[in-house]
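Data first, discussion second: the structure below is written as structure tokens.
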Amino acid sequence: MKKTLKIVFSLVAIFATSCLLTGCWLYSFSGTSIQPDVETICIEPVQNRALKVNPSLANSLYEALSDKYRKLTRLEQVEDAGDLYVLTVIEGYDVSATAITADEVAARNRLTVTVKVKFVNEKHPEENFEKNFAGYEDYDSERSLDEVEATLCDTIIEKIVEDIFNATVANW
């Protein structure tokens, strides 16, 4: 019994070691799958081209993107000429009614933020894309946008950053 246990343990150790040495590091526990030759990322400051502008949104989105890549990848963030390049433009910042009462008054409103992302992988151009991402949050129309805007934006940014991150380095 002890001999069988030693053999099984040895096989598991050999398998784990060979896996580490042969490239299983392409996938990490953070969910990223970054090629080993990709070492740097350039995240451009977010531009805001929406008709209605929240003055802090672009900076908040940029900071959230930078933090996400810094915390969950091994990539070094550089000012320019990175192996990966992320350009984000806020194209929409809109409030719309989502639920109407019998009196034709909005019962709930929705804040929607739409961004366009251009992603360039200099080492693996087949992964390049331009894509739109959107996030939204609903709020009670009895409250003004000014009251809830900061909280809504934080939640929306979190969702959009997760989507961008998954599309760029998690290959989801």
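The values are calculated or read from the model by the stated rules, or taken from the named source; none is laboratory data. For clarity, every value in this text was computed on a predicted model and none was experimentally measured. Neighbour counts run over all protein chains shown; Cβ positions are idealised from the backbone, glycine included.
What to note about this one:
- Taking each residue of the stretch 44-59 that is within 23 Å of Glu79 (Cα to Cα) and free of Cβ contacts under 8 Å to residues at least 40 places away in the same chain and looking for partners that are among the β-branched types (Val, Ile, Thr) and assigned to a loop (DSSP other than H, G, I, E, B) with beta-carbon atoms closer than 9 Å, six or more apart or interchain, yields Ala58/Val46; Asn59/Val46.
- Every listed requirement among (1) surrounded by 14 or more Cβ atoms within 10 Å (Cβ to Cβ); (2) of a type outside the set (A, V, I, L, M, F, W, C); (3) within 21 Å of Gln35 (Cα to Cα); (4) touching a strand residue (DSSP E or B) at 6+ places or on another chain (Cβ under 8 Å) is met by Arg108 save one, (3).
- Of the residues making up the stretch 22-45, at least one is of a type outside the set (Phe, Trp, Tyr), modelled with pLDDT under 95 and outside any loop (DSSP other than H, G, I, E, B).
- Residues that are more than 18 Å from Lys52 (Cα to Cα), acidic (Asp, Glu), within 21 Å of the chain's Cα centre (by Cα) and at pLDDT below 95 occur in the stretch 127-139; there is at least one.
- Residue, surrounded by the most Cβ atoms within 10 Å (Cβ to Cβ), within the stretch 83-105, restricted to residues that are of a type in the set (Ser, Thr, Tyr) and at pLDDT 95 or above: Thr88
- Pairs linking a residue in the stretch 158-171 that is more than 10 Å from Leu72 (Cβ to Cβ) to a residue that is small (Gly, Ala, Ser) and in a loop (DSSP other than H, G, I, E, B), with Cβ atoms under 6 Å and 6 or more positions apart or on different chains, are Asn171/Ser33.
- Any hit, the stretch 157-171, residues being more than 20 Å from Ser60 (Cβ to Cβ) and exposed (fewer than 14 other Cβ atoms within 10 Å of the Cβ): yes
- Looking only at the stretch 60-70, and only at residues there that are without any contact (Cβ under 8 Å) to a residue 40 or more places away in the chain and of a type outside the set (Ser, Thr, Tyr), the one that is surrounded by the fewest Cβ atoms within 10 Å (Cβ to Cβ): Asp67
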